[in-house]
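Chemist: Here it is, the structure in full.
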Amino acid sequence: MRSRSSSRHPETHRSTRIGWLRAAVMGANDGVVSTSSLILGVAAAGADAKAILIAGVAGLVAGAASMAAGEYVSVSSQSDTEMADLARESEELASEPAHEHAEMVAIYVGRGLDPDLADLVATQLTVHDALGAHARDELGISDTSTARPLQAALTSAATFSVGAALPLLVVLMAPGNRLAWAVAGATLLFLAVLGAASALAGGARIFSATFRVVFWGALAMAVTAGIGALFGGAA
């Protein structure tokens, strides 16, 4: 007879990575795409290598700061909403416990439990942790989805900086007459690696994730380069 411990198997759930993975992928993708697009737009307008590099560095600094501020503000708004919902739920549990219990029973019945079992589950979970049970099952707030503003801000700023630094390195190494092609080609390679890495980290399909990242990055670079060429030719 196998023991209970020997029958267990390790489980890996990637949903715990949602918070930082979303911020990391978005930051790195924006860093690569926005900086590469900026470089190509400036290059297409006829700027020299020094001006292109300055524009790219400025884009890195401004973009990282913007990403950090944007993530912090947006995720803080989510956190404020969650805290407000929890506070309201706590008040309702104190003032209308019977009504809140009936809500939980209805939720569990809707998920497939018979009424008696649903009533028992709701009672036991309320005794164990009433607010936690209502947060999870009524409001949809859990530890894995809880907003973490500072984590999102720092992750986005750091990954944006790393992503933006990659095309800048290409600018430093590529010859002037082939700079635009080198940046475009290297960017598509960076985006493909990023898409595959994010798919592996999140347990998603590699091809679809990679194609999605590369396609939209290529489109952004093409549009920006076209605008740069248009204004450069008109100057």
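Chemist: Calculate what fraction, in whole %, of the accessible area of region 77-235 sits on carbon and sulfur atoms when a 1.4 Å probe is rolled over the protein chains.
Modeler: Of the solvent-accessible surface of region 77-235, carbon and sulfur hold 67 percent.
Chemist: Further, regarding this structure: Cα centroids of region 58-84 and region 105-125: how far apart, whole angstrom?
Modeler: One Cα centre to the other: 39 Å.
Chemist: If the convex hull of the alpha-carbon atoms of region 46-89 is projected onto planes in all directions, what is the mean projected area in square nanometres?
Modeler: With the hull built on Cα positions only, its mean projection is 3.3 nm².
Chemist: A further question follows. Kindly write out, for region 121-136 in residue order, the coupling ³J(HN,Hα) from the Karplus curve 6.51 cos²θ - 1.76 cosθ + 1.60 (θ = phi - 60°), rounded to whole Hz, with x marking Gly and Pro.
Modeler: Values per residue, Gly and Pro as x: 4, 4, 5, 5, 5, 5, 5, 6, 6, 4, 5, x, 5, 5, 4, 6 Hz.
Chemist: Taking just the alpha-carbon atoms of the chain, what radius of gyration and Dmax come out, in angstrom?
Modeler: 25.0, 83
Chemist: Follow-up question, since we're still on this one. Kindly give Rg over Rh for region 101-212, based on alpha-carbon atoms, with the Kirkwood expression for the hydrodynamic radius.
Modeler: Ratio value, two decimals: 1.32.
Chemist: Before I look further, what does the chain give for accessible area per residue, probe 1.4 Å, in whole square angstrom?
Modeler: Dividing the accessible area of the chain by its residue count gives 59 Å².
The values are calculated or read from the model by the stated rules, or taken from the named source; none is laboratory data. Everything quoted here is computed from the prediction, not taken from an experiment. Heads up: the accessible areas ignore ligands, DNA and RNA and are worked out on the full protein's heavy atoms, side chains in. Shrake-Rupley method; radii C 1.70, N 1.55, O 1.52, S 1.80 Å.
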